[in-house]
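In what follows, a structure is listed as structure tokens, so that the remarks can point back to it.
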Amino acid sequence: MTSTFNIKRRALLRYSTATSLFGIPAFSLSQLSTAAESDPWQRAEKILKQFAKPIKFAKRDFPITKFGAKTCEVITVNAQIASDTEGAIEGEVLTPKPDSHDNYDAINQAILACNKAGGGRVIIPAGNWYCAGPIRLRSNVHLHLAANAHVFFSANPADYAKYGDIDCGKNGKLVISRWQGNDCLNYSPMVYAYGENNIALTGEDWTSILDGQGGTPFEARFEGNGTNWWEWKGRKNPKKPIQFSEVNVNANNPESLDQLAPALSDDAKKLVQGVGDKWRTDSRFLPVLSEIGIPTSGRIFGVGHYLRPCMIELIGCTNVELKGYKIQAAPFWLHHPVKCRKVLISKVNMDSMGPNSDGFDPEACDTVLVDHCTFNTGDDCIAIKSGKNRDTQFGPTRNIVIQHCVMNSGHGAVTLGSEMAAGIEHVYAQDLDFRNMHWDKDALNTAIRMKTNMNRGGFLRHFYVRNITIPNGVKTTPGFYKPLPDSQIPLQTVSSSAGAVITIDCDYAPADDSVRTRPPVISDIHISNVKVGTVSIDGGNYSAYQAFVLLGPVASSYNGKTKQAILPIQNVSIRHCDFGTVRNQSTPWFLHHVQNLQLENIQINGKTYTETLSA
């Protein structure tokens, strides 16, 4: 770990945003806009050139077998193979036999030895390998999985609260992490790095597997609550409740904010807590800690809590290569680089159908290339992020190119948000196949998706998309927006959750956030050459429910005391696109609070549109 990032690490532990809870200034378009480039794709070419040369590693090999690693036998067990908040699908999976040899120490000792030698390659040979704890990547180390190497990470949360840098007593030895945009101390991800330089994780091919065992039953030696990682998400169905999850009130969280922030005014407490006691659930308590200014060192989760760790999380790293392997059954997000610079992910097969199984979520990163990857995920395939609530110290995410990928299942194929408090800019997506091959049983909800709300705030600008094929369309039935009570938007009118090919949702899940004081600013979105096919469903041939939904910021969702400018979505163009046959023929698109939407040569249901719209 570099000394520079050690300093930053200490600062992060002390970090507490100084900005007042009330009166956080809104961005103005004049402040945010940058000079338009004559050809914005020239910037994409410059980003691609950053990856022309691979990272160089010393020509030294460190096989893990030299450090005592041993393969394991595997057995077949009944497990969840897909899961969401509505329920789960069960099937048979492979898992290591009980009492298998633990390779945690061997793998990490090989990585340390390689690092101390000045770098090289650590090799995980063919075979089944059981690892009861996280793999920690180090500078100048290339960790390589041979063909037919299968690493099973233990289905035991306690193993990810044993080896962290920070001893949090009964909560375990934890690591600095970021969970859905908020910094915290939590279980270690299964592959983790902090402040490293020149690191690579590669596989020989897609028989090189990293297995998070997200739906596999917890091991008998686990003494905590729950049946598997995915169950910690919780369920919406009251007939099938899950007692211990991120959405249940956790008795380990304080009953009153007076214990944490005694100087906080009554008005501020009411705003932060919202109605009822849901603020005491883990998934909402962490954002509360951000809002009231608790530093990272005081945001302690881990043992006794239910915030699932990412499969791979890299924080503050430079020159990162992820290439050529398959990753499956992740507990939570699959890949989560945070505050990283120059990240390449290429030819990775992401196959995880669990709750929140986002494939690749770069956050507060600069210069990223996603190339020739395949996604089959239980949530967004790609979701670009930049912090939530007041955790904006890492700055915006910018300079990302996404190309030559295949998206099969997911909530959104290419998504920006929803955690985007520090802003997102200069994102380029091209030559993508949103194949949606599971359209008949697990359809892609939407193809191109931007989402934020009055809590996330932030800016989203300079997003360019071109040359997209969607041969099997997207979901043809609507997933309707759920406005707050007394909203200016009627119920059952906006298909922003599912059913549109292009979605810009500026009031995403507003009921999930009690503080809604930061209006987002969305501008300069340019999409061209999207071709959408149809499928035979419900007695007709359809491509989507609607072509596009642009839901600008909803003024009635704002609950700040100070007056803020609530700006429309501005300067969006959709050109040379064929949206096929949408099911909602009377209302092929939806607009709210939009200014200067330019349509050029747009085909919907056999009709061509070229016009400029505002709403």
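Rundown of residues vs (1) in contact (Cβ under 8 Å) with a residue 60 or more places away in the chain; (2) over 28 Å from the mean Cα position of the chain (by Cα); (3) over 20 Å from Ser497 (Cα atoms), yes/no style:
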{"position": "Asp538", "(1), (2), (3)": "yes, yes, yes"}
{"position": "Tyr545", "(1), (2), (3)": "yes, no, no"}
{"position": "Gly560", "(1), (2), (3)": "yes, no, yes"}
{"position": "Gln570", "(1), (2), (3)": "yes, no, yes"}
{"position": "Ile604", "(1), (2), (3)": "no, yes, yes"}
Self-check item: Candidates Ala268, Ala251, filtered to the one that is within 23 Å of Thr392 (Cβ to Cβ) and among the aliphatic types (A, V, I, L, M)
Solution: Ala268
Quiz prompt | Identity of the residue in the stretch 473-492, of a type in the set (S, T, N, Q) and open to solvent by 40 Å² or more (accessible area, probe 1.4 Å), that ends up farthest from Gln585 (Cα to Cα) | solution = Gln488
Quiz item: Applying the selection to the stretch 365-385, what residues are of a type outside the set (S, T, N, Q), farther than 17 Å from Gln403 by Cβ, open to solvent by 10 Å² or more (accessible area, probe 1.4 Å) and part of a strand (DSSP E or B)?
Solution: Asp366
Self-check item: Selection count, the stretch 398-411, where residues are under 16 Å from the mean Cα position of the chain (by Cα) and at pLDDT 95 or above
Solution: 4
Quiz item: Phe51: farther than 14 Å from Thr216 by Cβ, at pLDDT 95 or above and open to solvent by 40 Å² or more (accessible area, probe 1.4 Å), yes or no?
Solution: no
Quiz item: When you scan the stretch 505-556, how many residues do you find that are more than 26 Å from Ile604 (Cα to Cα), polar (S, T, N, Q) and assigned to a loop (DSSP other than H, G, I, E, B)?
Solution: 2
Quiz item: Yes or no: Gly224 closer than 28 Å to Ser154 by Cα, open to solvent by less than 70 Å² (accessible area, probe 1.4 Å) and modelled with pLDDT under 95?
Solution: yes
Exercise. Could you please find all residues in the stretch 335-355 being over 16 Å from Ile81 (Cβ atoms) and in a loop (DSSP other than H, G, I, E, B)?
Key: Lys339, Cys340, Lys347, Val348
Quiz item: If Glu90 passes every condition in (1) surrounded by fewer than 19 Cβ atoms within 10 Å (Cβ to Cβ); (2) at pLDDT below 95; (3) in a strand (DSSP E or B) but one, which one does it miss?
Solution: (2)
Practice problem: Would you kindly identify the strands (runs of 3 or more DSSP E) lying entirely within the stretch 409-459 that contain at least 3 residues that are farther than 22 Å from Ser495 by Cβ? | Solution: 424-433
Quiz item: Where residues in the stretch 47-70 are of a type in the set (A, V, I, L, M, F, W, C) and part of a loop (DSSP other than H, G, I, E, B), which of them is farthest from Val141 (Cα to Cα)?
Solution: Ala52
Exercise. For Ala117, state whether it is without any contact (Cβ under 8 Å) to a residue 24 or more places away in the chain and open to solvent by 10 Å² or more (accessible area, probe 1.4 Å).
Key: no
Quiz prompt | Hits in the stretch 205-221 (condition: of a type in the set (D, E, K, R), more than 22 Å from the chain's Cα centre (by Cα) and buried (at least 16 other Cβ atoms within 10 Å of the Cβ)) | solution = Glu219
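The values are calculated or read from the model by the stated rules, or taken from the named source; none is laboratory data. Remember, predicted model here, so these are calculated numbers, not experimental data. Note: ideal-geometry Cβ built from the backbone for every residue, glycine included; neighbour counts use all protein chains shown. When the accessible area is computed, the model is the full protein with side chains, heavy atoms only, and any ligands, DNA or RNA have been set aside. Shrake-Rupley method; radii C 1.70, N 1.55, O 1.52, S 1.80 Å.
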